[in-house]
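Below you'll find the structure, written out as structure tokens, and then a few comments.
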Amino acid sequence: MKRNIIWPLFLLLILGCNRTGSDTKASFTADAAMNGGFPGSPRLTGKLYLSDDHLRIDWGPFADVFDLRQRKGWRIVLEAHTYEDLADKDLSTYAPETTDGSICPHANLPSACKLVGKEEMNGRTANKWELLNPRGFHVYFWTDDKLEIAIRCDIGEPVYNVTNLREAPVDKTVFALPAGYKRVERLWRP
């Protein structure tokens, strides 16, 4: 009889210790702003949602949603009820890929990438990175020390900026592709 009770208890213990999901990781929201970095580009303001290795930024007419582990996602165009597939390069502004906490191995020119130092931004510790773009201009990223998402990107002027980053509940459904949306091909790829 004792043997029959021990196995279910052992199974529950293993399942309890291996739990994953939003209960075990904090969720965050923030305000985001994007300036295209070239003359005539529109300024976008939106809301960032981060939970359980998923990132969503609502920019008004569209939203970018990513699975940070798989490094892919989609752009949802709300009014048209369509979506486009997004890949790793599309994610690099929001969450540059890292290896052992460094973005340098994934930079276009890894030898021209360096950690400048740590700075406090909006009450959080950020790593400041300097990269050289293949076109010869400097790009700076500030990545949150713990979350490893970009909280600022600068190419001589701020291009992407996250403010008011705070822990808050996030409904997992914001990361799901809405039912009935049609997949379309992208006209432009970075």
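Before moving on, here are some points about what is shown:
- Tally of residues being at negative phi and surrounded by 14 or more Cβ atoms within 10 Å (Cβ to Cβ) across the range 32-72: 25
- Check on I76, among the β-branched types (V, I, T) and within 19 Å of L165 (Cβ to Cβ): no
- All positions within the range 63-81 that are of a type in the set (A, V, I, L, M, F, W, C) and part of a strand (DSSP E or B): A63, V65, F66, W74, I76, V77
- Of the residues making up the range 79-122, those that are aliphatic (A, V, I, L, M) and under 26 Å from F62 (Cα atoms) are A80, L86, A87, L91, A95.
- Any strands (runs of 3 or more DSSP E) falling wholly within the range 82-190 and containing at least 3 residues that are at pLDDT 95 or above, surrounded by 16 or more Cβ atoms within 10 Å (Cβ to Cβ) and in contact with an Asp or Glu (Cβ under 7 Å, 6 or more places away or on another chain): 124-132
The values are calculated or read from the model by the stated rules, or taken from the named source; none is laboratory data. Because the structure is predicted, anything quoted here is derived from the model rather than measured. Don't worry about glycine lacking a Cβ; one is built from the backbone with ideal geometry, like all the others, and counts go over all protein chains shown.
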